[in-house]
Structures are given as structure tokens and as C-alpha cells.
1. Across 5 Å bins from 0, what is the distribution of all Cα-Cα pair distances for the stretch 180-225, in whole percents?
2. Can you give me the Cα centroid spacing of the stretch 234-277 and the stretch 187-220 in angstrom?
3. If packing is taken as the average count of other Cβ atoms within 10 Å, what order do 139-150, 162-173 fall into, highest mean first?
4. Determine the per residue accessible area of the stretch 205-277 with all protein chains present and a 1.4 angstrom probe, expressed in square angstrom.
5. Apply the Kirkwood formula to the stretch 195-277: the hydrodynamic radius equals the inverse of the mean of 1/r over all pairs of different alpha-carbon atoms; give it in Å with one decimal.
6. For the stretch 123-277, I need the span (max minus min coordinate) of the C-alpha atoms along each principal axis, in Å, sorted largest to smallest.
7. Mind listing P(r) for the stretch 140-209? All alpha-carbon pairs, 5 Å bins, whole percents.
8. Viscosity 0.692 mPa s, temperature 37 °C: what is the translational diffusion coefficient of the stretch 49-177 from Stokes-Einstein with a Kirkwood Rh over Cα pairs, rounded to a whole number of µm²/s?
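The values are calculated or read from the model by the stated rules, or taken from the named source; none is laboratory data. For clarity, every value in this text was computed on a predicted model and none was experimentally measured. Virtual Cβ from ideal backbone geometry, glycine too; neighbours counted across all protein chains shown. Protein only, heavy atoms only, side chains kept; ligands, DNA and RNA dropped before computing areas. Shrake-Rupley method; radii C 1.70, N 1.55, O 1.52, S 1.80 Å.
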Amino acid sequence: MQQRIAMRVVAPVAGAVVVFSGAGLTVPSAAAGTTMAAPHTRTDERVVKQWIERNAHRLGSADPSAPLDDLHSLRRSVGDASIVGLGEPAHKLKEVTTLKHRALRYLVERMGFRTIAWEDDWTLGMEVDEYIRTGKGDPEALLKQMDAWDTRECADVLRWLRDFNAGRPESDKVRFFGVEHWYTWTPAYDIVKSYVARAAPALVPELEAHLEPISPVGSRQDHVDWYKDVTPKQPYVDHAQRVYDLVEGLPHRPGDRAYSLAEHAARQIRSFYLTYY
């Protein structure tokens, strides 16, 4: 069975877009491919209003705990898409987050989505995933590390995901992933060092020679600010590339999850240094 993914990222996906309007509390129910002329004059506002009235579905409530029957139009909008994007005009908007929470509930409870991809640090996402799967950790403490999502409403989303997973078999639990490519923190470096120490201890000195100049110091934002200002950047990019090449070139068995995790961690490290190059 193809895994279905619900994404909390800003990029919409053609044919699987969920659009929230705080003023009207609406979700579009038009078929994929419907187009609307861009307004150029004030008189075109009437055209926009008419399009909304024809294609929107009014919700009965913005309360995340409310019954979900008024969201059936979402099923028609999603169709058989395996990826759904839930965007927003800005972070930390209470009304938007609560509406997205309701949509997320529908996607998980009624449509079987089991993966949440969130716009934040991949390594932090691993901690959030552990919380929603096992209950280990504190959602407020986790969200304080997620600057864009540090709100009570987002904490409610994480608690709901934890409650949904409680008592379910591992194969039916919702999983959580951070998909930010530039906020890559120390756990990624630790994953790489730990794997190389086990798989190829003779290469540890070479690995450390490349990791030492690029390992984060201070907070996440301190590290970002430092690298944005440092010049020249090429030596740091070169070190990150050598770290990736070293890990990627290690012998491994097909399907080796430990290798895949280390390779992805090395890829994340490289992505950070390439982002601001």
C-alpha cells in the first residue's frame, strides 16, 4: 500500500491543496484544474466573491475538537493524492492553526494519512516523532526550539497526535518528520560520528578533521548567523562535502537503516553549508 503523507509546509501540491480562509472559514471543493482570473481592477472583486461563493464550502466550527462531518468536501479536494500541503499566510496565527488542526484530524482519522512533515529542523523532528509515538518528552519544551511554531495551538496539535497514537500498533501510528534543510543541529553530527565509529573506525580521524571546523557552536540561530557572515565560505562547503562523501562511500547492505540514517544526516549537514553559499 502506498503511504499517504499530510504535510504542514507552505508549498501547495497540485491536485491536493487545502486552502484556509480565516474570514470565511472556507475550504475549496472545486475539482483540480479550476482556474480563476486574476483581479486587475476594483470591479473584479465581484468576480472573486462569486468564485468563492461557487467553489467554497462553509465550515460549521473552527474548534479542533468539533465533529468532522463538515469537512467532507476536503475528501473531494484531496481525491487520491498521497501528499497534501497545508499552508498559511504567516506563522503563529491562532485561527489558521486551529483550522489546520481540524483538517489534519480529518486527513488522519478519516483518510488514513500516517506521516506528518513539518517545516522545521530534521533532527528536532526526530525528538517530536519520539514524543508522539512513545510519550517521551515535553511538547512545550520541544516547541520552544521551533521558533515558528511555539504556540499553544501547535502544542495542542502535538498532544492530539500523541493521544491518537496511544495504544496503536507501531505500523498504524502517525510519524513526524522535520523537512527543513538548513536548520540542521548537533544530533545530525552525532549520528554521523557514531555510525562511522562503528562501521569504519579507521576513518574516524579523517571524519573528525572535517567535522571540527564546521560543528555548530552556540544556539541554532548563532550558528546560522555566524555562517551567513563568514567569508570565504568555500572551505566550509568543502569540509561538509567531504563528510558526505566519506559516509556515502561506506560499504553497506541494501536496506541498512543505520547507514541510511547516517547518510541522510550527512546530507543535511552538507545542505546547511550549501544553503547560504
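1. Percent of Cα pairs in each bin: 5, 20, 28, 22, 14, 9, 3.
2. So the separation of the two Cα centres works out to 10 Å.
3. Numbers: 139-150: 16.8, 162-173: 12.6.
Sorting 139-150, 162-173 by mean packing, highest first, produces 139-150, 162-173.
4. Values: 4040 Å² over 73 residues.
On a per-residue basis, 55 Å².
5. Details: mean 1/r = 0.0742 Å⁻¹.
It works out to 13.5 Å.
6. Cα extents, longest axis first: 45, 40, 19 Å.
7. Each 5 Å bin holds this share of Cα pairs: 3, 12, 15, 15, 14, 15, 11, 8, 6, 1.
8. On the way: Rh = 15.6 Å.
Here the translational diffusion coefficient equals 210 µm²/s.
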